[in-house]
Amino acid sequence: MTLRPHMTGFTLLELVVVMAIAAILMLVGVPSYRYFTTSNRMSSEVNGLLGDLQFARYEAIKEGQNVTVCPSTDGSTCSATNTWNNGWIVQSNNGGTAATLRYQRAFTGTDSFTSTTGVQSIAFNREGFASGLTSSTVTFSLHDSTSNTAYTRCLAVGIAGLLTTQTNGQSTGSGQSCS
């Protein structure tokens, strides 16, 4: 009787099965990962403006003077536009002299962030009420570069200073839908 040496390794069939399982996992995982990263980026961008609006309202109440949030490309002056994806600033208005408190740079991607009613700035007074709104509630819409509505985010600003965020299809509280 002859002894055969014990051989180790993978058979071709085992290797093909493992590769098939890996391919299936990639087919399921990559689209989910893309949605996850894009959705998080969009939420982060809308939350940036939300945080700066909350900061401006707090500063207006704390300091007892108007604080304005407006689009800006240079970090020191307001731009006469309703396009907010190019950056914005938070300015304290003390006796006609504007001091920049915060500056948000332009988005690195090609997402578009605009106010639906053409609002070019929002000012909070010492009571925390918003002025410069064209209606009792103004909605800012954030759209990704592919115009996929699943990624759309909205920020609603009420005249009483109420700030809310929504995803596509949710009501903004003023009868409008985030779209």
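The values are calculated or read from the model by the stated rules, or taken from the named source; none is laboratory data. Since the model is a prediction, treat every value here as computed from it, not as a measurement. Every residue, glycine among them, receives a Cβ derived from its backbone with ideal geometry; neighbour counts consider all protein chains shown.
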For segment 123-154, how many residues are in contact with a helix residue (DSSP H, G or I) (Cβ under 7 Å, 6 or more places away or on another chain) and assigned to a strand (DSSP E or B)? 4
Would you pick out the residues in segment 56-78 that are out of contact with any strand residue (DSSP E or B) (no Cβ under 6 Å at 6 or more places or on another chain) and either in a helix (DSSP H, G or I) or modelled with pLDDT of 95 or more (or both)? Tyr58, Ile61, Lys62, Glu63
Quickly run through segment 102-122 and pick out the residues that are farther than 22 Å from Ala160 by Cα and part of a strand (DSSP E or B). Arg102, Tyr103, Gln104, Ser112, Phe113
For Arg57, indicate whether it is out of contact with any helix residue (DSSP H, G or I) (no Cβ under 7 Å at 6 or more places or on another chain), of a type in the set (D, E, K, R) and without any contact (Cβ under 8 Å) to a residue 24 or more places away in the chain. no
In the set Ser32, Ser39, which member is at pLDDT below 90 and surrounded by fewer than 13 Cβ atoms within 10 Å (Cβ to Cβ)? Ser32
Out of everything in segment 90-112 that is of a type in the set (Val, Ile, Thr) and over 16 Å from the mean Cα position of the chain (by Cα), what residue ends up being nearest to Asn47 (Cα to Cα)? Val90
